[in-house]
1. Select from the range 116-133 the residues that are in a loop (DSSP other than H, G, I, E, B) and surrounded by fewer than 16 Cβ atoms within 10 Å (Cβ to Cβ) and write down the one among them that is nearest to the chain's Cα centre (by Cα).
2. Could you list all residues from the range 64-110 that are charged (D, E, K, R) and modelled with pLDDT of 95 or more?
3. Just to be sure I understand, how many residues within the range 1-53 are more than 26 Å from Phe186 (Cβ to Cβ), among the hydroxyl-bearing types (Ser, Thr, Tyr) and assigned to a strand (DSSP E or B)?
4. What pairs can you find where one residue is in the range 68-89 and closer than 19 Å to Arg113 by Cα, the other is loosely packed, with under 12 Cβ neighbours inside 10 Å, and their Cβ atoms are less than 9 Å apart, with a gap of 6+ or different chains?
5. From the set of residues in the range 186-228 that are touching a Gly at 6+ places or on another chain (Cβ under 7 Å) and charged (D, E, K, R), which is nearest to Ser41 (Cα to Cα)?
6. Condition check: at negative phi and not hydrophobic (A, V, I, L, M, F, W, C). Does Asn126 satisfy that?
7. Select from the range 76-106 the residues that are more than 23 Å from Gln184 (Cα to Cα), outside any helix (DSSP H, G or I) and not basic (Lys, Arg) and list them in ascending order.
8. I'd like the full set of residues that are within 17 Å of Ile4 (Cα to Cα), surrounded by fewer than 21 Cβ atoms within 10 Å (Cβ to Cβ) and polar (S, T, N, Q), limited to the range 48-94.
Amino acid sequence: MSLIKLSGITKHYAMGSQVVRALDGIDITVAKNDYLAFIGSSGSGKSTMLNILGCLDKPTTGEYYLNGKNVEGLNQNELSEIRNLEIGFIFQSFNLLPRATALGNVMQPLVYRNIGLKKRKEMALNSLKRVGLGDRTDHLPNQLSGGQRQRVAIARALVTHPSILLADEPTGNLDSKTTIEIMQLFDELHAEGHTLIMVTHEDEIAHHCHRIIEMKDGRVYNDSTSHSAKVSH
C-alpha cells in the first residue's frame with residue numbers, strides 16, 4: 001500500500017475577480033522510504049503542495065490518502081491529531097521556541113501525547129543524540145549556530161517517530177558547509193528507513209533525493225528518478 005496517494009488534487013484561491021489555480025489536478029503516489037524533492041520556480045505550487053501534504057491546508061477538490069486514511073474530509077481537530085502522529089515538520093526558519101532549551105524544544109510535540117515527563121525527556125535526549133547534539137541539550141536557540149538550530153528542528157521532527165518528514169527549504173538559511181552536513185544527515189535518515197519529502201529551489205539539494213518532481217503552474221511537469229538514486233542502488 002502507498003504511504004501517500006493524491007488523486008485529482010486542486011487548490012484554488014479567489015483573488016478579487018480572479019481564481020488562482022495553485023494546484024491544478026495533481027495525481028501522485030509516494031511509497032514508504034521515498035526520498036522526494038519538489039522543485040519549481042516561485043508560484044509553481046510546490047509550497048501549496050507541502051501545505052496539503054502536511055495537513056496544514058485542505059484541497060479544494062480531490063482525495064488525499066495518508067497511510068490508507070482519507071484525510072481531506074477530516075475536521076481541524078482530526079487534522080491536528082494526524083499532524084502530531086504522522087508528520088514531522090522541518091522549516092527553513094527552524095521555528096524553535098526562543099526561551100526553551102534544545103531539550104525543551106524537542107520535547108514540545110510529546111506534550112500532546114500524554115507521555116510522562118521522564119519519558120518525554122528520555123525520548124527527546126535520544127533524538128538530540130541522533131542528530132549529534134547530545135552535548136547541547138541545555139542551550140537556548142540563540143546560543144546555537146544555524147546548523148545546530150536546524151539539527152534541533154530535525155530532532156524535534158524525529159521525536160514522534162512520524163510516517164513522513166516534510167522539509168520546507170531546509171537549507172535555505174544555512175551556509176554551504178553547514179548545508180552539506182545537514183544533507184548528509186537527511187541521507188542517513190533516509191538510509192535508516194525514513195520517508196523524506198522536501199521543497200527546494202536548489203538543484204544541488206534536490207539531487208540528494210532519489211526522486212524529483214518538477215512543478216509548473218500548479219501541475220506536475222516532470223517526475224523522475226535522480227542520478228543519486230542510480231548511484232546508490
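1. Going through the qualifying residues, I end up with Gly132.
2. If the condition is that a residue be charged (D, E, K, R) and modelled with pLDDT of 95 or more, then Arg99 is the only one that fits.
3. Qualifying residue count for the region: 3.
4. As it stands, the answer is Gly88/His161, since those pairs meet every condition given.
5. Across the range 186-228, the extreme among qualifying residues is Lys216.
6. yes
7. Within the range 76-106, Leu97, Pro98, Ala100, Thr101 meet the criteria.
8. The answer is Asn51, Thr61, Asn67, Asn70, Asn84.
The values are calculated or read from the model by the stated rules, or taken from the named source; none is laboratory data. Since the structure is predicted, the reported quantities are computational estimates derived from the model, not experimental observations. Using ideal geometry, Cβ is built from the backbone for each residue, glycine included, and neighbour counts are taken over all protein chains shown.
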